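Participant: Shown below is the structure under consideration.
The values are calculated or read from the model by the stated rules, or taken from the named source; none is laboratory data. What you are looking at is a predicted structure, and each value in this text was computed from that prediction instead of being measured. Glycine also receives a Cβ, built like all others from the backbone with ideal geometry; neighbour counts cover every protein chain displayed.
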Amino acid sequence: MPKTHHYEAIVRWTGNTGTGTTGYRGYARDHEISADGKPVILGTADPAFRGVPERWNPEELLVVSLSQCHMLWYLALCAQDGIVVTGYSDSPTGIMAETADGGGRFEEVVLRPRVVLADDTDTERAAAAHKRAHELCYIANSVNFEVRTEPVFVSDVDSVETES
């Protein structure tokens, strides 16, 4: 029997401006995402759909979830394989296309991890770990669009030089 995991959260709409949803323009898309013992995430809709830019929207959170899942698998695999990663950052992007009926779907997400390696001779093995991380990522395995990974590797020495 497969091992299962259960997740719970609370999403609470906070955008009632006094008249509820009496009109499409009459309410805010603001909401809060919470779970026991965790900080609240302030959510909204994409600004294209009347949200505010200073809050997280579901589309951004989906892109970030893919990036986080990949990173966590990648770091675990590197630790298991003796590949020493000393820095990791990602600048993921996603493309969502709207459909004529007002709906839409994601077409792709591209992860662009910048991985700092302690030993630049590990680049080939580090690249292979990205492929395996993608295969294992729970979130990537749950979506019906392409998730691509375009990693860049630098050594600890290169990293210090580019940050100076």
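Participant: Residues that are aliphatic (A, V, I, L, M) and touching a Lys or Arg at 6+ places or on another chain (Cβ under 7 Å): list the strands (runs of 3 or more DSSP E) wholly contained in the range 7-61 that include at least 1 such residues.
Facilitator: In the range 7-61, 41-43 are the strands (runs of 3 or more DSSP E) which contain 1 or more residues that are aliphatic (A, V, I, L, M) and touching a Lys or Arg at 6+ places or on another chain (Cβ under 7 Å).
Participant: Right, next: Somewhere in the range 123-131, is a residue closer than 23 Å to E59 by Cα, in the same structural domain as H70 (by TED's automatic domain parsing), assigned to a helix (DSSP H, G or I) and at pLDDT 95 or above?
Facilitator: Scanning the range 123-131, I find no residue that is closer than 23 Å to E59 by Cα, in the same structural domain as H70 (by TED's automatic domain parsing), assigned to a helix (DSSP H, G or I) and at pLDDT 95 or above, so the answer is no.
Participant: Identify all residues within the range 70-100 that are touching a helix residue (DSSP H, G or I) at 6+ places or on another chain (Cβ under 6 Å) and polar (S, T, N, Q); write none if there are none.
Facilitator: Hit for the range 70-100 is T86, nothing else.
Participant: It is to be established whether one or more residues within the range 114-123 are under 30 Å from Y24 (Cα atoms) and either of a type in the set (F, W, Y) or in contact (Cβ under 8 Å) with a residue 24 or more places away in the chain (or both).
Facilitator: no
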